[in-house]
Amino acid sequence: MNVNDSINLTLSIVIFVGSIMALISAIGILIFKDVYTRSHAATKSSTVAVLLTLIGVFVYFIVNDGYVSFRLLLGIFFLYLTSPVAGHLITRAAYNSGVEMKVEGSKGKHLNDLLPTQKKTSKDNALLKDK
């Protein structure tokens, strides 16, 4: 087994791990109950899965063909940049629209039920009136 074969084996493992993470992400999207956890499964793990796959393919082309693909580099860059931002914006829009979290157990149905209540001061009320 020479160096090229060991590099190809390593890259195969990286691409395989990326595909396994994509499968886990797809299962998470199907299993989770609300938009917040589905957004987490869709953005975080699938971003890492696609990045692992694209990086494995990029390094494979460099090692075996001596070819640097700028399209793959742009794909890696834009995916890394846009996917988490899009997930954050979707989750924020859902929160601002009043979509409830699916909280099971005795903790309550709303996020505000989970957080400790704070006593509002006169300074807080003055700030709210200014807005």
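Remarks
- Estimated Rh, the stretch 1-55: Kirkwood, alpha-carbon pairs, angstrom: 12.0 Å
- Rounded percent of accessible protein surface that carbon and sulfur make up, the stretch 1-90, 1.4 Å probe: 77 percent
- Peptide ranges 9-21, 36-48 listed from the most packed, as the mean C-beta count within 10 angstrom indicates: 36-48, 9-21
- Placing +1 on each Lys and Arg Cβ and -1 on each Asp and Glu Cβ, with no other charges, gives the stretch 3-102 a dipole about its Cα centre of roughly 340 debye.
- Residues whose amide H comes within less than 5 Å of that of Val99, counting only those at least five positions distant or on another chain, are absent (H built at 1.01 Å from N in the peptide plane).
- The alpha carbon convex hull volume per residue for the stretch 3-102 rounds to 75 Å³.
The values are calculated or read from the model by the stated rules, or taken from the named source; none is laboratory data. Quick caveat: nothing in here was measured; it's all calculated off a predicted structure. Virtual Cβ from ideal backbone geometry, glycine too; neighbours counted across all protein chains shown. The area values use the complete protein model at the heavy-atom level, side chains included, leaving out ligands, DNA and RNA. Shrake-Rupley method; radii C 1.70, N 1.55, O 1.52, S 1.80 Å.
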